[in-house]
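The values are calculated or read from the model by the stated rules, or taken from the named source; none is laboratory data. Only a predicted model underlies this, so the values are computations on that prediction, with no experimental measurement involved. Note that each Cβ is placed from the backbone with ideal geometry, even for glycine, and that neighbours are counted across all protein chains shown. Surface accessibility is based on the protein's heavy atoms, side chains included, excluding ligands, DNA and RNA. Shrake-Rupley method; radii C 1.70, N 1.55, O 1.52, S 1.80 Å.
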Amino acid sequence: MKTNKISNAFGAHKALLQMPAKSAFVALFAGVFLGGCSGKPSSSEIEKALTLEVQKNCEYASVTNVEVLNTQYGDPQNKERIHVKFTGDVNVKITGKLLESWDNFDKGSEIFWAWGEDIQNFNKEIAEARSKITDEYDAETAEYKEAMYNGGASPELLEQERAAKARADEKREKMGEWIKKGANDIFNKYAKDAEGILSSYQDGGIGRFRPIFKPGIPTGCSSVDPRTPLGLLYQEATKGGKLDAYFSRKGAVVSMQAERTMVKTEKGWMLPGQM
């Protein structure tokens, strides 16, 4: 996997300046690098410190697979402050209640679209029934319409037209009741499975489901600044305008190369500000 470089100002909440890792490191931290010194931060300490930092913005983020490349004291006389150059992975993997919401979205979407398909098929039946009523009325009143076109209809034809219209209106009224029953039967077919997942409402006495939308990741997990860990991850994961990686249960991950200053404390090596 391609390794991306992140500058010393690692935190997403700071204004960062990206710089070539090797040259900037040497220029800013002149001195002797330590190879295998027992006082240097371990990979696990770096992972823990950086994970705490990125989780300030995104609770689903973590830093893993850290490998220390080299270390250097900014001040050879101060053995409790060290600069570390390392590689590692930045991760965002959704868990907990948000993941449960995604599962509900998948189930809710399946229910919503199945209900919608049944409604569409029922709408076709409704259109055919309406067309049949209209065709019957047209057939029963054809002689009346022809007479009216030619100058006027006899009293008998007028009565036939009124009777035909009355029958058509009665059929349409009964059809309204049939539509309401049919639509509610379809609604009730899915109501139990949709309980607690889809919201619903009444529209003219007919039950309907509201569409469900997939919960997005927290804003803090999608920094747009590629000079920060989460920004770098977001940029890599969303190449081509897609958010598939962020919405995947497998999570999103990107490799990086970075430099950080760490401070030795009673609790181990930590980032400045974490003591």
task = Express in nm, to one decimal, how much length is gained between T265 and Y149 on full extension, taking 0.36 nm for each residue of separation and deducting their alpha carbon distance.
result = 31.6 nm
ask   = What FRET efficiency would be calculated for the residue pair E117, A166, taking the C-beta separation as r and a Förster radius of 51 Å, to the nearest 0.05?
value = 0.90
query = Mind checking the angle between helix 155-194 and the chain's longest principal axis? C-alpha axes, 0 to 90 degrees, to the nearest 10.
reply = 30 degrees
request  = Any chance you could get the radius of gyration and Dmax over the Cα atoms of segment 154-275, in Å?
outcome  = 31.5, 108
ask   = How far, in nm, would the chain grow between S43 and K174 when pulled straight, counting 0.36 nm per residue and subtracting the alpha carbon separation?
value = 39.6 nm
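Per DSSP H run of n ≥ 4, the term is -39500 (n - 2.57); total these for the chain, divide by its residue number, and report the mean residue ellipticity at 222 nm rounded to 500 deg cm²/dmol.
-15500 deg cm²/dmol
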inquiry  = Please compute the Kirkwood hydrodynamic radius of segment 88-151 from all pairs of different C-alpha atoms, in Å with one decimal.
reply    = 17.0 Å
Potential lengthening between E136 and D225 on full extension [0.36 nm per residue; Cα-Cα distance subtracted] = 25.2 nm
Hydrodynamic radius of segment 65-123 per Kirkwood, over alpha carbon pairs, in Å = 16.7 Å
key: Among A139, M262, L198 the positive-end extreme of the charge dipole of the chain (Cβ point charges)   = M262
remark   = With label points set 7 Å from each Cα along the Cα-to-Cβ direction at Q77 and S199, the distance between them in nm comes to 6.6 nm
request  = May I ask you to give the percent of accessible area on the chain that is carbon plus sulfur, with a probe radius of 1.4 Å?
outcome  = 51 percent
inquiry  = Relative to 2.2 N^0.38 Å, what does the C-alpha radius of gyration of the chain come to as a ratio? Two decimals please.
reply    = 1.87
message = With every protein chain left in place and a probe of 1.4 Å, what is the accessible surface of D203, to the nearest 10 Å²?
response = 70 Å²
inquiry  = Starting from the 7 Å offset along Cα-to-Cβ, what nm value, one decimal, do you get for the label separation of S109 and L158?
reply    = 6.3 nm
request  = Keeping all protein chains in place, calculate the accessible area per residue for the chain (probe 1.4 angstrom), answer in Å².
outcome  = 59 Å²
inquiry  = Sequence gap of 8 or more, or different chains, plus Cα separation below 18 Å: how many lysine pairs satisfy both in segment 134-275?
reply    = 11
